[in-house]
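Shown next, in structure tokens, is the structure this report addresses.
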Amino acid sequence: MDRRTFVRRTCIGSAGLLVGGLPALGSNEVVLPVAPPIDVHEAPLAKKSQLGMPGLFPGRVVEIADRRSIVANRVSQPIVHDMLERGLKELTGESSAQAAMTKFIEPKDVVGIKINPSGAPACCSSPELVREIISTVRSVGVPARNIVVYDRFGDEMDQGSYHAVLPPGIRVVNIQDGLLDASGYDANVYCQASFFGEWETRSYMASVVANGLDKIINVPTFKDHSASGVTGCLKNVAYGTFNNVARSHVAPYTFTNPLIGVMCTVEPLRSKVVLNIMDGMRMVWHGGPLTQNQEFIYATGLLMVSTDPVAMDTIELEAIDKKRLEQGAPSVWEHKASSITTDNREFYQDASKNLFYRQPGHIAAAGKLGLGVSDMKQIDHRRLQIS
Amino acid sequence: MEMANTSSVPDVPAVSENDWITLLKDNSRSGGQSAAALPSPGKARWQMRVGSSIRTAPVLREGTLYVTSIGGHLHAIQTDSGRLKWKFKAGRAIYSTPSLNGANVLFGCDDGKVYAVNGESGTKVWETATEGQVWTSPVVRQGVAFFGSADGHMYAVEAQTGKQRWEQELGGRVYSTAYAAEKKIYVGCGDGQVHCLDSATGKILWSTLTGNGIDSSPALVGDTLLIGSLDFYVYALDASNGAVRWKYETGLGVSSSPAVSGEVTVIGSKDGYLYALEIATGKLRWKTRASQVITAPAVFGDSAIYLQSGGVHALDAGTGNMLWRAGLASGVQNVPVIAGRTMYLTSNEGEVYALE
């Protein structure tokens, strides 16, 4: 074995979590398969970063709300600027956004901004927010060429027009072109498991993450997810960093729990993610992550800032489930065979239907892996209502 | 007043009606309006794969289809057989639709360069460098190639040698393919501005700010400049001073580029609709939901409009009614080429089709 570290993560599978006290199973609920063990081959670090997940402020989540931030589906950059500044100041206790950012970023850093373009253009990391994050990182002294805005899939980034609308000098990078392109991944860093007897049992870490970046700012969206329950901080950096992740789902089953959490523990990813800024301008409460159906997209006008991805996703999960129940849709925790459809069109039109038995327990499982706080009673949820 | 010639290319004439030398067929963005409307394709005459994703429109001249790919190659493909004549390896991925000028094929590259490659032999004629990715298609007029770069500059180089004439800094990244009129260059910019530049010097003559970034490529019809913006609007500007004549609101950002035919322009929006607007007034003639998201431009046949977005679609040009769809050749910026009774398509999956 080379310098890399080979470990088997002790992970609590989906069935284990359900037994462990999450919502009780109804009489029509199905029994889900237990996840297999996941082997991790990672890059050893001389010293784990204190900035890595859950970061400098475990359990603290700042939520900033401003109704003016999204009007007629358009995001207001000046309002987002103000929201981001207030959020960073509240999170860190510093007097300016620049001072707050210096807690996470140094001028010498190569900084990755991990966007979520899946679902573009209807709901993706807003270019307006990404521009504000870039501006704040640059205020610390990071040159434009050392800022990398990235995601896995180029076609999704194209749909979001990120290349065109970000400032000159910033590198805008997609890791792969097409489903089978593995050239952008590091063959030495991977998670390995056989979920459904698949031929390729490894998922490799993106080379830009493994070798090209010093710090990562995670910019997830506020979405329901047909497999994982919600997609937030954890899923954005896990399934957005490793390849060959679709193999973790074979409808109606999915092993997003525990794979998402395990992937987030893999070094150097864990140490490099220093800040999460959730774009909650829009909430997708059904049809995520790819829906373009505006019926299921709600203009929430929120931003959330935290170093703790588990705490933030816990809040996201509660909010999305609440919205679903308000709209008469089943909870993301529901595991009834009658809710499952094999027809994608039906799923995208009918909020009572789903493609998988969702696995929102992936968030609590990530908490048990030490990535953050999943108990709502322990989360310091600070709300700033601007307008 | 500068008048766009909508029936021929001013200084780089197509050899035959079937030639398709740049984005939307010719420098006037006519989108192939002289091509006959095609019935629904009955078969693939040939199909080939280039080995990597294709995110650009092909161009065609004298029986050769030129296709750029993410793998960093320019491919020359024989249209009678689908056989590869040659391929040229550039420095990095290519997202730039090629354009033809004389014997050369011009295209930009992610290595920051624009290349000119001999269309017969596949050998490099010249290259010129910028400081950013070049996704735009070089547009040639009066012996000068104009193109924008992600470094935020517009460039003018001699089309035969690559020697630089001028460069002009704009306020944002340039992913909009320029429109070259006789004395002026029109282009959109990532900072939301539409610029008009003096084609001889690069001096900015006027700029008009829209509400968000622009990656749509403009078209000039008479003295009206048409362009989309990510602020959800399609704009018609006075080409002489940039004043807004009208703007039409769609449901999401407009990355697609206008194709023009007579009094009408057709343009897609990310809301999934294709819009037919009267050029003089901005009045909606029709709109049709063709796909979930439209980012590529459409092209005109005689009485039909063709669009690649989650497959290929044919719509009646007069009503917008869907004539037929084919579930192949998904694309983001891929555009069909129509030559006689054949439609050439490229796809995200790296396929090239000749359908008839």
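All of the numbers you see were taken from the coordinates with simple rules; none came from a lab. A quick note: this is a predicted structure, and the numbers were derived from the prediction, not measured. Cβ atoms come from the backbone with ideal geometry, glycine included; neighbour counts cover every protein chain shown.
Some notes on this structure:
- Of the cross-linked pairs A:114/B:247; A:353/B:287; A:235/A:272; A:353/A:377; A:336/A:368; B:113/B:270, those separated by over 23 Å at the C-alpha level are A:114/B:247; A:353/B:287; A:353/A:377; A:336/A:368; B:113/B:270.
- Share of pairwise Cα-Cα distances greater than 17 Å in the stretch A:24-99 is 71 percent (whole percent).
- When each of A:91, A:384 is scored by the number of other beta-carbon atoms lying within 10 Å, the sequence from fewest to most is A:384, A:91.
- Each semi-axis of the equivalent ellipsoid for the protein assembly as shown is √(5λ) with λ an eigenvalue of the Cα gyration tensor; in descending order they amount to 44, 27, 25 Å.
- Inter-site label distance for residue B:92 and residue A:340 at 7 Å from Cα along Cβ, in nm: 4.5
- Estimated from the Cβ-Cβ distance and a Förster radius of 45 angstrom, the FRET efficiency linking residue B:127 and residue A:350 is about 0.25.
- Neighbours of residue A:111 by Cβ distance under 13 Å: Lys/Arg scored +1, Asp/Glu scored -1, total +4.
- Modelled label positions at residue B:325 and residue B:243, each set 7 Å beyond Cα in the direction of Cβ, lie 4.3 nm from each other.
- Legend: calculated FRET efficiency, residue A:145 to residue B:302, from the Cβ-Cβ distance at R0 = 45 Å, rounded to 0.05, equals 0.35.
- Looking at the stretch B:44-118, the trypsin sites (Lys or Arg not before Pro) that sit in a DSSP loop and have at most 15 other Cβ atoms within 10 Å of their own Cβ are B:83, B:92.
- As a calculated quantity, the FRET efficiency between residue B:182 and residue B:341 at R0 = 41 Å, using C-beta atoms, amounts to about 0.75.
- Just checking the listed ones, A:47, A:103, A:272: in the Gaussian network model of chain A with Cα springs under 10 Å, the one fluctuating most is A:47.
- Taking each residue as 0.36 nm, the span from residue A:207 to residue A:385 lengthens on full extension beyond its C-alpha to C-alpha distance by 60.1 nm.
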